[in-house]
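Below is one structure, written out as structure tokens; comments come after it.
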């Protein structure tokens with residue numbers, strides 16, 4: 001009995017060793033050295049050119065790991081006792097603030113960070129916005145007459161638009177950010193009434209904003225609530241779409257501007273290089289390139305937006321500091337669940 | 001102690017050379033579950049309270065109803081096909097035999113997107129005929145999911161049918177049963193274990209799927225797990241919900257195992273004669289029509305759409321030379337993962353296909369109930385364990401392979417177990433009586449007889465590993481991109497044409513693997529020299 005157990009174990013060990021031997025050389029080759037490790041939730045084609053430019057300029061080699069921003073954020077939380085990432089790039093200020101609140105981002109007092117308006121960065125600079133994305137309503141020009149356009153986000157609950165509005169699923173951080181912004185400016189009651197009104201109005205919830213923009217472009221829905229660059233992307237593909245920056249009136253709340261931003265991971269192995277990388281992204285040249293890749297809005301006041309894209313000065317924006325997106329995240333999600341938004 | 005063991009093995013202890021590796025594998029595979037328990041435990045009361053007040057019961061119900069509908073539809077599609085391809089003289093049976101594995105090789109998002117493009121609002125069908133079905137309705141979602149997943153049943157059922165002992169049917173006929181009665185009372189019960197094993201894979205796939213169902217605008221329980229994790233960064237809540245899924249899986253597995261144990265029969269391959277083919281006669285035309293219709297919907301449609309997008313993608317942007325590297329990475333990763341998982345899964349499959357008792361049930365359940373855990377959860381469990389206890393390996397290829405093995409080993413076990421259960425123990429006993437030791441018996445008798453199940457299991461795991469995305473994204477070494485990763489990078493921004501060449505390569509490679517493994521594994525009772 002005992003001998004056969006031993007033999008079984010031995011056989012098992014031999015098999016495992018052979019396979020580990022196969023995998024070993026590959027893993028050695030892939031092991032990162034002292035390069036700057038960037039976890040990025042931003043789409044790879046929209047970050048790679050800037051990283052290449054940074055590498056060329058500084059000689060620092062960057063190892064980029066792209067993925068879903070929230071998944072990577074969860075990985076950073078799970079890695080906290082032995083940090084692996086030096087820098088985290090996210091498409092949502094809320095995600096960054098959550099990481100700051102959980103204590104995995106390092107404060108950053110760089111003057112470059114301070115040059116970005118306060119509403120777009122953490123109080124201690126632990127994260128800072130790099131490019132802005134406004135929440136807008138896009139519409140199908142062939143289906144809606146310009147005279148009848150909604151002016152406020154609240155108009156979308158009007159029965160005239162019943163079944164004609166598409167939004168992304170509430171798993172999308174940009175939509176959640178917008179709802180948080182509305183809670184801050186309109187109050188909880190009005191926001192809840194708005195969401196309930198959307199549902200009553202048979203709003204259609206699609207997988208993500210790309211689906212929304214394509215559905216509006218095809219004319220499946222008249223309106224879609226998206227980030228402004230989705231309008232530009234759909235237009236670029238030849239669809240007949242228009243855009244509304246909502247709530248621009250005197251006593252209205254304005255459009256929320258969320259940011260794609262960057263933070264340095266606490267305990268980063270290459271903290272010095274990480275700081276240089278963040279400073280680099282906040283330079284005028286990088287600001288413009290970063291924003292231009294995706295029709296986004298540069299946040300540095302001296303940098304200019306791509307032609308055709310509204311700059312920060314050209315529309316009224318919601319008066320909220322974006323750190324509230326992280327601080328109020330759970331309350332917003334509670335509200336979303338309470339209302340039953342899918 | 002001995003008494004306890006005897007109870008655990010139900011009085012008939014397995015060879016230690018099987019039991020020990022099987023137990024070891026079960027202990028490794030259970031790591032993600034341990035992580036889930038740990039994270040759920042750190043959640044505290046408030047997490048539970050919050051979860052109980054939300055839409056969870058409703059989501060659980062919609063998950064379960066979809067699962068039932070898809071399983072039923074997949075059985076209806078797959079069983080007739082399996083019988084036709086394995087037992088009749090339908091024209092082109094050899095081709096159908098591997099062709100109907102193909103729907104599995106399409107990544108679910110590619111498949112879902114094809115159907116939406118063709119049958120969705122403002123889609124191809126509507127433009128041509130002015131009419132389109134509602135692809136987002138419950139029956140449509142269930143049908144689409146069934147068309148992706150029926151090969152799980154088809155492959156296992158067809159293998160079992162080819163392996164089946166023709167003399168049994170002959171005996172049935174001699175006893176005066178009509179052909180239909182033979183089908184119903186002899187053939188169907190013979191194929192039941194394999195069909196149940198396949199149906200279970202379908203059920204578990206539907207429970208765990210996230211990508212395709214979300215594209216079809218259907219919310220399931222798994223989407224709730226994602227919401228906790230990626231919406232709230234609440235790993236505890238996600239863990240609690242994952243635990244619910246795991247318990248559900250365990251219940252399904254237990255139910256299937258229980259049902260299977262009540263009917264158990266072995267095929268004495270040595271005495272089996274070549275299978276008599278059922279001659280279809282005039283029935284071959286309606287039968288062919290059915291086969292062609294299923295093929296058109298499940299293989300041709302997504303295939304043609306993918307080709308179309310690829311042509312447009314190449315016309316727009318040309319072919320990236322990097323594709324070759326992604327292709328090699330995919331093949332290498334999936335190949336190693338599937339092979340490793342086959343080796344690790346064999347002892348477990350053998351144990352649970354052959355022995356019984358509480359210990360066997362425990363090992364069998366533990367090695368499989370993590371199957372429905374969302375890929376992100378499995379990946380985070382590895383981040384947790386490896387970064388903490390084996391930091392040297394973190395971020396290496398080895399962790400990626402480990403994740404794929406953890407995720408898909410249950411598929412292999414499921415496929416192999418169904419075949420092992422059919423091998424008569426008397427053959428192994430004879431071999432041992434003739435003086436072969438247990439290892440040689442296993443190699444000389446069991447493994448050759450189980451070969452169709454083993455290759456089918458390998459192919460299933462290889463295909464799944466090729467398509468896998470969430471764990472690959474999180475665990476791959478930086479810069480190590482696979483085809484699935486590239487498809488995601490392009491498609492998530494809506495550049496479907498740009499994503500198509502990589503997707504087509506992925507599908508082609510998986511399809512070839514499927515074809516090779518299926519045609520390379522002739523049923524053992526047609527081979528000479530394998531008999532003891």
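The values are calculated or read from the model by the stated rules, or taken from the named source; none is laboratory data. Given the structure is predicted, the values throughout are model-derived calculations rather than measurements. In this analysis, Cβ positions are derived from the backbone assuming ideal geometry, glycine residues included, and neighbour counts consider all displayed protein chains.
A few notes on this one:
- Residue match in the range A:265-276 (condition: within 14 Å of chain B (Cβ to nearest Cβ), under 25 Å from residue B:232 (Cβ atoms) and in contact with a strand residue (DSSP E or B) (Cβ under 7 Å, 6 or more places away or on another chain)): yes
- Looking at the range B:1-100, the helices (runs of 4 or more DSSP H) lying wholly inside it that each contain 1 or more residues that are touching a strand residue (DSSP E or B) at 6+ places or on another chain (Cβ under 8 Å) and more than 14 Å from every other protein chain (Cβ to nearest Cβ) sit at B:56-87.
- Some residue of the range B:337-346 being more than 30 Å from residue B:235 (Cα to Cα), crowded, with 22+ Cβ neighbours inside 10 Å, touching a residue at least 60 places away in the same chain (Cβ under 8 Å) and within 12 Å of another protein chain (Cβ to nearest Cβ): yes
- If the condition is being touching a strand residue (DSSP E or B) at 6+ places or on another chain (Cβ under 9 Å) and not in a loop (DSSP other than H, G, I, E, B), then the range A:294-315 contributes A:297, A:298, A:312.
- Test for residue A:84: is it facing chain B (nearest Cβ under 8 Å), over 18 Å from the mean Cα position of the chain (by Cα), part of a loop (DSSP other than H, G, I, E, B) and closer than 24 Å to residue B:389 by Cα: yes
- Within the range A:101-204, helices (runs of 4 or more DSSP H) holding 3 or more residues that are within 30 Å of residue B:215 (Cβ to Cβ) and at pLDDT 95 or above: A:173-186, A:188-200
- Residue B:472 closer than 21 Å to residue B:210 by Cβ, facing another protein chain (nearest Cβ under 10 Å) and touching a helix residue (DSSP H, G or I) at 6+ places or on another chain (Cβ under 9 Å): yes
- Filtering B:178, B:208 for residues that are in contact (Cβ under 8 Å) with a residue 40 or more places away in the chain and out of contact with any strand residue (DSSP E or B) (no Cβ under 8 Å at 6 or more places or on another chain) leaves a single hit, B:208.
- Filtered residue count, the range A:227-245, keeping only those that are crowded, with 21+ Cβ neighbours inside 10 Å, in contact with a helix residue (DSSP H, G or I) (Cβ under 8 Å, 6 or more places away or on another chain) and within 12 Å of chain B (Cβ to nearest Cβ): 3
- Among the numbered conditions (1) buried (at least 22 other Cβ atoms within 10 Å of the Cβ); (2) outside any loop (DSSP other than H, G, I, E, B), the only one that residue A:52 does not meet is (1).
- Selection count, the range B:57-89, where residues are surrounded by fewer than 16 Cβ atoms within 10 Å (Cβ to Cβ) and more than 30 Å from residue B:284 (Cα to Cα): 5
- Verdict on residue B:426 being in contact (Cβ under 8 Å) with a residue 40 or more places away in the chain, surrounded by fewer than 22 Cβ atoms within 10 Å (Cβ to Cβ), within 13 Å of chain A (Cβ to nearest Cβ) and more than 20 Å from residue B:510 (Cβ to Cβ): no
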